[in-house]
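Report on the following structure.
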Amino acid sequence: MKETWSFLDTFEPNFRPLVVIELAKGTRKETIEWFTKRVEDKKANGGAQLLIKPLVTENGDGNIYLVGASHLRLLLGAETVGLVKECNDNSMRSFTYSSRKTFKDFADDNHNFLTMSECQYIIKHELENLRARDEKMIPGYPQAKLYPGKSIVRRLLTNGILVQIFPLHDREELKKLRHTWYGRVKIGYQPLDEIRSYFGETIALYFGFLEYFTFALIPMAVIGIPYYVFAWEDYDKYVMFATFNLLWSTVILEVWKRICSVMTYRWGTLLMKRQFEEPRPGFHGVLGINPVTGKEEPVYSSIKRQLRIYLVSVPFVCLCLYFSLYVMMIYFDLEQWALDYHEENKSTFSSLMLYVPSIIYAVVIEIMNRIYRYAAEFLTSWENHRLESSYQNHLVLKVLVFNFLNCFASLFYIAFVLFDMKLLRQSLATLLITSQILNQFAESLLPYWLQKRHVKKMKKHTHTLKTDTELSLVEQVNLEKEMGTYLGTFDDYLELFLQFGYVSLFSCVYPLAAVFAVLNNITEIYSDALKMCRVYKRPFAEPTANIGVWQLAFETMSVISVVTNCILIGMSPQVNALFPDSKMDLVLTVALVEHLLLAIKFVMAFVIPDKPREIQIKLAKLEFESLEALKQQVRATDIYSSEK
């Protein structure tokens, strides 16, 4: 007999808190009663069918609630979200409750079959899919309007009734992870499987990519040092270095795809079905029926969305790009002023002043990037994309276009308009080093210092000297709710993307870029690990099969780097001397070499498979078994129908 939601009892004698919900202080009683009832109510009645209990504190505020679920509810939720687990025959399959006995380590009394992060992901999924049915408003708040299909959690957040939702840390597991991850200085690989088990696949993949990218940069750094030391002005010797760089950028991205597929197959996310992705929580529209799945969900006109994109978002992005170019021209005016000042004074101070415009411009670039990021998020949310993947793609595109122009426009201008290689080296080095220092300070050092200061103040206030693992549940929740919120891997990937651009676009001008990138990334691994474990709340796990649109972004950057390096080499005096009579021959030769290198890149990308042979066979085997199972099911149905 196939179990359904109707038989599931929400009673759980041993309540295990997994997620914290903080409501605003003074939230009205009828609002709390209505919301908790919707959380506890059965799925058939539009509820989440979860367990929710108030956190009893000394001051008795009553605005913090703990959410959990029965073991049976979590197993059914695992089937709903499509979690993939390892079977007894070592294959990976989507979990179904009816076939639960076939999965490795499953037992009815084994509550560790699902990891804590998977349980929290299931609860988050159910809370986000709580949608209004017949309600016209949030009870107790007439101004908080509702309509059928509107996300309840989203409305509570936008109206300030719900302050935050976050998953609880497992202090014992976190202590073990900290020790193996960054607790001791060592040369070795990160514990990616443990990171995935605790934080989820998205964060584990980021750290896997950061580690891989750092190791991949080492050959570039090793080769770049002698080029920097012995052949600084001899551009014809950079041809081999630039060629190696271009082939290197292709190989590392293709090899990463293979490594990524091996990891995500082992974690089960390579097999997770995404074709029927549910609407994102921020998506709103009139409640309707999805013609594919038959489920009730909000419906919004794609024409309205396209009008918002092309009539508002695109003009706004273009305006921001124009402003970025305007700021760039101010920077060049400052550069000219500094140069004139140095020519007049010829002192040590005037020599130092030559670097001031580049440093100021690097700081301004970082500020503009961060301000634009907020505007891009607002616009993309306002466009009302149905799927989270579509939302992320549009957001990444907006941010990448602006960041690329903002960070690299001045370098292109110096290289291809001013033809000043000395200024190009100086600007590239200053922008790279300054941006790395600012990012380390803003993303890790400052948040860590603020969090450490807050913890000391809180422990002094509560008169406790307990370690993290000795804190009571109330103390743990009060400590974690004040921690910063991790906003995702977007900024981390963006930093690596810009770093990849600095290394690859103008490699033949500044070979030491890879050296500084390696040094930065080594510290980045430890600082990012520190902020994940000590500075921020635990983020919800997000299953993913790859690094998404960032793979395409890195590949696009590598293609652009082919063009820039070929033109830079073609502009060198040594290469120009080979074509004294005809500049057209020089242009045609550079274009031919550029096309040849691009052809080699694309051939290599085609020849190197995205998945290892072993993974391809396993995926093909699973597809074959699924088809065979479907045939048997159809055959059994036909026999049953004929007998009737």
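Computed quantities for the displayed model
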| quantity | calculated |
| --- | --- |
| Region 487-511, subset surrounded by 19 or more Cβ atoms within 10 Å (Cβ to Cβ) and assigned to a loop (DSSP other than H, G, I, E, B), residue modelled with the highest pLDDT | Thr489 |
| Filter result for Glu480 (buried (at least 21 other Cβ atoms within 10 Å of the Cβ) and assigned by the TED database to the domain that holds Met240) | no |
| Selection from region 545-555 of residues that are part of a helix (DSSP H, G or I) and surrounded by 18 or more Cβ atoms within 10 Å (Cβ to Cβ) | Trp550, Ala553, Phe554 |
| Top-ranked residue in region 53-85 [being out of contact with any Leu (no Cβ under 8 Å at 6 or more places or on another chain) and more than 15 Å from Pro543 (Cβ to Cβ); ranked as modelled with the highest pLDDT] | His71 |
| Set Val590, Val634: member being modelled with pLDDT of 85 or more, part of a helix (DSSP H, G or I) and either open to solvent by less than 70 Å² (accessible area, probe 1.4 Å) or among the β-branched types (Val, Ile, Thr) (or both) | Val590 |
| When residues of region 556-582 are limited to those that are surrounded by 15 or more Cβ atoms within 10 Å (Cβ to Cβ) and in a loop (DSSP other than H, G, I, E, B), the one nearest to the chain's Cα centre (by Cα) | Ser572 |
| Lone qualifier among Glu297, Glu335, Glu388, Glu343 - being crowded, with 16+ Cβ neighbours inside 10 Å, at pLDDT below 90, charged (D, E, K, R) and under 30 Å from Lys422 (Cβ atoms) | Glu335 |
| Pairs where the first residue, in region 157-170, is outside the structural domain of Cys533 (by the TED database) and the second is open to solvent by 30 Å² or more (accessible area, probe 1.4 Å) and part of a strand (DSSP E or B), C-beta under 8 Å, 6+ apart | Asn159/Tyr141; Asn159/Gln143; Ile161/Tyr141 |
| Exclusive hit being open to solvent by 40 Å² or more (accessible area, probe 1.4 Å) and modelled with pLDDT of 85 or more, set Met329, Met368 | Met329 |
| Members of region 1-31 found to be modelled with pLDDT of 90 or more, assigned to a helix (DSSP H, G or I) and either open to solvent by 30 Å² or more (accessible area, probe 1.4 Å) or on the phi > 0 side of the Ramachandran plot (or both), listed by number | Lys29, Glu30 |
| When residues of region 336-359 are limited to those that are of a type in the set (Ser, Thr, Tyr) and outside any helix (DSSP H, G or I), the one farthest from Leu424 (Cα to Cα) | Ser347 |
| Qualifying positions in region 39-72 - over 22 Å from Val477 (Cβ atoms) and within 32 Å of the chain's Cα centre (by Cα) | Lys43, Gly46, Gly47, Gln49, His71, Leu72 |
| Matching entry among Glu524, Glu542 (being among the acidic types (Asp, Glu), open to solvent by 20 Å² or more (accessible area, probe 1.4 Å) and farther than 21 Å from Phe244 by Cβ) | Glu542 |
| Residues of region 32-53 satisfying the condition of being at negative phi and polar (S, T, N, Q) | Thr36, Asn45 |
| Inter-residue pairs, beta-carbon under 8 Å, first in the same structural domain as Thr556 (by the TED database) and in region 577-601, second outside any helix (DSSP H, G or I) and open to solvent by 90 Å² or more (accessible area, probe 1.4 Å), 6+ apart | Leu586/Leu578 |
| Residue list for region 603-631, restricted to those being of a type in the set (A, V, I, L, M, F, W, C), under 19 Å from Arg266 (Cβ atoms) and either surrounded by 14 or more Cβ atoms within 10 Å (Cβ to Cβ) or assigned by the TED database to the domain that holds Val251 (or both) | Ile615, Leu619, Leu622 |
| Region 140-156, residues that are open to solvent by less than 40 Å² (accessible area, probe 1.4 Å), in contact with a strand residue (DSSP E or B) (Cβ under 8 Å, 6 or more places away or on another chain) and in contact (Cβ under 8 Å) with a residue 24 or more places away in the chain | Gly149, Lys150, Ser151, Ile152, Val153, Leu156 |
| Test result for Val503, on the phi < 0 side of the Ramachandran plot, in the same structural domain as Ile414 (by the TED database) and touching a helix residue (DSSP H, G or I) at 6+ places or on another chain (Cβ under 6 Å) | yes |
| Answer from Ile218, Ile223, Ile195 - the residue that is open to solvent by less than 20 Å² (accessible area, probe 1.4 Å) and in a helix (DSSP H, G or I) | Ile195 |
| Verdict on Ile600 being buried (at least 19 other Cβ atoms within 10 Å of the Cβ) and not acidic (Asp, Glu) | no |
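For (1) touching a Lys or Arg at 6+ places or on another chain (Cβ under 9 Å); (2) more than 29 Å from Phe316 (Cβ to Cβ); (3) part of a helix (DSSP H, G or I); (4) open to solvent by 50 Å² or more (accessible area, probe 1.4 Å), each residue gets a yes or a no:
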{"site": "Val401", "(1), (2), (3), (4)": "no, no, yes, yes"}
{"site": "Ser410", "(1), (2), (3), (4)": "no, no, yes, no"}
{"site": "Ile414", "(1), (2), (3), (4)": "no, no, yes, no"}
{"site": "Leu424", "(1), (2), (3), (4)": "no, yes, yes, no"}
{"site": "Ser427", "(1), (2), (3), (4)": "no, no, yes, no"}
{"site": "Leu431", "(1), (2), (3), (4)": "no, no, yes, no"}
{"site": "Thr434", "(1), (2), (3), (4)": "no, no, yes, no"}
{"site": "Gln440", "(1), (2), (3), (4)": "no, yes, yes, no"}
{"site": "Glu443", "(1), (2), (3), (4)": "yes, no, yes, no"}
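A quick yes/no check of all residues on (1) of a type in the set (Gly, Ala, Ser); (2) farther than 22 Å from Leu431 by Cβ:
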site: Val299; (1), (2): no, yes
site: Ser302; (1), (2): yes, yes
site: Arg305; (1), (2): no, yes
site: Ile309; (1), (2): no, yes
site: Val312; (1), (2): no, yes
site: Phe316; (1), (2): no, yes
site: Ser324; (1), (2): yes, no
site: Ile330; (1), (2): no, no
site: Leu334; (1), (2): no, no
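The values are calculated or read from the model by the stated rules, or taken from the named source; none is laboratory data. Predicted model only: the values in this text are computed from it and were never measured. Positions of Cβ are backbone-derived with ideal geometry, glycine not excepted, and every protein chain shown enters the neighbour counts. Just so you know, the surface numbers come from the protein's heavy atoms only, side chains and all, with ligands and any DNA or RNA stripped out. Shrake-Rupley method; radii C 1.70, N 1.55, O 1.52, S 1.80 Å.
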